[in-house]
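This report concerns only the one structure given below.
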Amino acid sequence: MAKMAQQSVTKIILTGAIAGIIGGGAILYGQRGVENLQATTQKVNTKATKTTTISDNATATSAYGKISDAVVSVLNFSKSGTNSYQESSEGSGVIYKKAGDAAYVVTNNHVINDAAQIQVMLHDGKKVTATLVGKDAMTDLAVLKIDPSVVTTTADFGDSSKIQVGQKVLAIGSPLGSEYASSVTEGIISAKKRLVASTSENGQNYGGSTVIQTDAAINPGNSGGPLVNFQGQVVGINSMKLSSSASGTSVEGMGFAIPSDQVVDVVNKLVRDGKITRPAIGIGLVELSAVTVDDQKKLLKIPASVNGGVVVMSTTQNGPADKAGLKKYDVITAIDGKKVTGQADLREELYKHNLNDTVTITYYHQEDKKTVKVKLTQKLES
């Protein structure tokens, strides 16, 4: 029976490797142990150009036919002897590019985590050795490369910012392993931007993930497989599902996928650099929405008109925020003129930038609205 890790609070099951599971997400903006933060989608330019209009006669069958040959099973092997390996878990993946002497597969980081050897099983059942190009625990994404000569089809990415609640989608993958490879389930987009908590299997708090919610059935082994619109384009990478509430109430039809816009940004960086480097502003924070109205008035002393933002609870000594003069109880409301209503918005805007970029932060120090330039000299720990 597959062993599945559960979150202690929300009991989220990561649905990738059938055994041994690790989550994705992010930790603090340059500080550990102050508050859980939750990841957000980065607005990026995908290479998909046909996502705005889906044909009226598009069907699940036609969509599946366009992409099914690009969907693969990903096999994680551990070392069992000097020159021997045994399969320890399985997940899914999708071939998204052929370039030069390699074809590239995107999957979940937790699918290939701690693998001594990785194999990819193609749609025709053929197995080939895969090489890890790069992985990112924060977003729970990884890129593999395989021999391009065996690849007949690559998937196209759709623009996840264009999806609509209620839109029909397909989840394709290998639930319960390669025995059920290329299984497809149909559902709808239940929410475009849902924040879910996640931690690694060793207890490290990554903060959370901003994901697409769907009621398409997602099961152990589906992780790394595509969430597909009826145009046959990948709008997300399936990653986890909610099995029960914090109180223990069982739930069904709550699966989650990493938005394709974020996937494209991350995989391009992994192929280019082999890793992801993110800037930090060096603060611990809470969302303003978590602070009572009385405390907003008496403790923060901000105007009643401020209805969104993040509250600075601490700063890293000599970090970017500290050097810029931000103090405890300041309330950040915008970055580069883009409104920040909570942690997700802050992360979304922050991670558009590179290390050593300079951003303009708008914030309230009690009743005074201020702006300050902050140079992103601190690297986010991972």
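Data overview
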item	result
Relative packing of peptides 216-226, 126-136, 97-107 - highest average C-beta neighbours within 10 Å first	216-226, 97-107, 126-136
Length added when fully stretched, K339-N354, from 0.36 nm per residue minus Cα-Cα	3.4 nm
D294 paired with I188, simple spin-label distance in nm, labels 7 Å along Cα-to-beta-carbon	4.2 nm
Radius 15 Å from Cβ of A216, net charge of other residues (Lys, Arg +1; Asp, Glu -1)	+1
Gain on full stretching of the segment that runs from N307 to H123 - 0.36 nm per residue minus C-alpha separation	61.2 nm
Segment 105-159, Rg to Rh (Cα coordinates; Rh as Kirkwood inverse mean 1/r)	0.98
Debye equation applied to the C-alpha atoms of segment 279-379, log10 I(q)/I(0) at 0.25 Å⁻¹	-1.45
Amide proton proximity set for V235, modelled H, under 5 Å, gap of 5+	G158, L227, V228, N229
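Since every read-out is calculated from the coordinates, none of them should be taken as a lab result. Just so it is clear, the model here is predicted, and its values are computed rather than measured. A quick note on method: Cβ atoms are made from the backbone with ideal geometry, for glycine too, and the neighbour counts reach across all protein chains shown.
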